[in-house]
Amino acid sequence: MGVVNVTPDSFSDGGLHFDPELAAAAARRMVEEGAAIVDIGGESTRPGSGGVAVGEELRRVVPVLEALQGDVPVSIDTAKAEVARRALELGAEMVNDVTAFRFDPALAEVCAAHDAYVCLMHMQGEPRTMQLDPRYDDVAAEVAAFLEERMAFAVAHGVREERICLDPGIGFGKTVEHNVELLRRLDVLLALGRPVLIGFSRKSSLGKLAGDPQATTGPLGASVAAAVAAYERGATILRVHDVREHVDALAVARALA
Ligand code: HH2
């Protein structure tokens, strides 16, 4: 899964794809490089961010979706029913909601009505404050229990279970140690029986693991290593910014498995 953030302020690629033409070109390039789907988002969820209004989010993503219609498999990264509805009408096939239908419960019905693929992600707290003091007794078990409950909510609102993938939400209300433990114990999440998506690409925990305690992003080599490790532990969807490098690495990891 390639990432295209149509935002001025994303932590990883903020401003790079704010122009709709550039965003659409980046999405096309990612598919040429081997992405199976491109995740398009109009709202940054980086630590500290406060969110954008629905009108602004639509203004950011709709021109990109219009430019791409039909060419590229699209996932829409949104927590808002109205944005998802418009994106699905414009051909998106997946809804990636970092709030797992908590921000806007009406989103579940929109996904059900379109029989869309859905990614449900775990987050402790909200982006504005989530990195202040995240705490868990048992991070893997708590994340799995949360996702199991959100999956039941989605199914109760008409989303088919076969359409759902689950994501522990690397960096969303988690310390470096929490992120590491979630990957080490990915089997706890896989036991829920759904495909697991991991988004570790460029996240600050990787920069910290690579030796810089002040890191705010993660270097490419560290992102690739995390994706390969996640793949080897059973994740089957890797959300990444640098598609070509990840596709190459994952092809080799697969050949050597
Ligand atoms: N991470 C980000 C955004 N959306 N969705 C899922 N399912 N999983 C993730 O790990 C995930 C996500 C944050 O990364 P990015 O999109 O690069 O930055 P920003 O939120 O600042 O736009």
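The values are calculated or read from the model by the stated rules, or taken from the named source; none is laboratory data. These figures come from a predicted structure and were not determined experimentally. Counting neighbours? That spans all protein chains shown, and the Cβs are built from the backbone with ideal geometry, glycine included. Protein only, heavy atoms only, side chains kept; ligands, DNA and RNA dropped before computing areas. Shrake-Rupley method; radii C 1.70, N 1.55, O 1.52, S 1.80 Å.
Summary of values
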{"item": "5 Å binning of all Cα-Cα separations within the chain, expressed as whole percents from 0 upward", "result": "1, 7, 14, 18, 21, 19, 13, 6, 1, 0"}
{"item": "Rounded to 5, percent antiparallel among DSSP beta bridges of region 1-137", "result": "0 percent"}
{"item": "Of all accessible heavy-atom area on region 199-257, the percent that carbon and sulfur account for (1.4 Å)", "result": "55 percent"}
{"item": "Relative contact order [Cα under 8 Å, 6+ residues apart], region 86-237, whole percent", "result": "21 percent"}
{"item": "Heavy atoms of Y117 accessible to a 1.4 Å probe, total area in Å² rounded to 10", "result": "100 Å²"}
{"item": "Local net charge near R128, Cβ-Cβ under 14 Å (Lys/Arg +1, Asp/Glu -1)", "result": "-3"}
{"item": "Extension gain (nm, one decimal) between E21 and R102, 0.36 nm per residue minus Cα-Cα", "result": "26.0 nm"}
{"item": "Rounded accessible area of R163 (nearest 10 Å², 1.4 Å probe)", "result": "50 Å²"}
{"item": "Partner aspartates and glutamates for K174 [C-alpha distance under 17 Å; skip if fewer than 8 residues away on the same chain]", "result": "E126, D133, D137, D138, E142"}
{"item": "Accessible area (Å², per residue) of region 199-257, counting only protein heavy atoms and a probe of 1.4 Å", "result": "51 Å²"}
{"item": "222 nm mean residue ellipticity, helices alone, for the chain (DSSP H n ≥ 4; -39,500 (n - 2.57); rounded to 500)", "result": "-13000 deg cm²/dmol"}
{"item": "Stretchable slack from L132 to A145, in nm (0.36 nm times residue separation minus alpha-carbon distance)", "result": "2.4 nm"}
{"item": "Carbon and sulfur %, accessible surface of region 2-198 computed with the full protein complex present, 1.4 Å", "result": "51 percent"}
{"item": "The chain: relative contact order in percent, alpha carbon pairs under 8 Å with at least 6 residues between", "result": "16 percent"}
{"item": "Potential extension, R184-E162 segment - 0.36 nm per residue separation minus Cα distance", "result": "5.4 nm"}
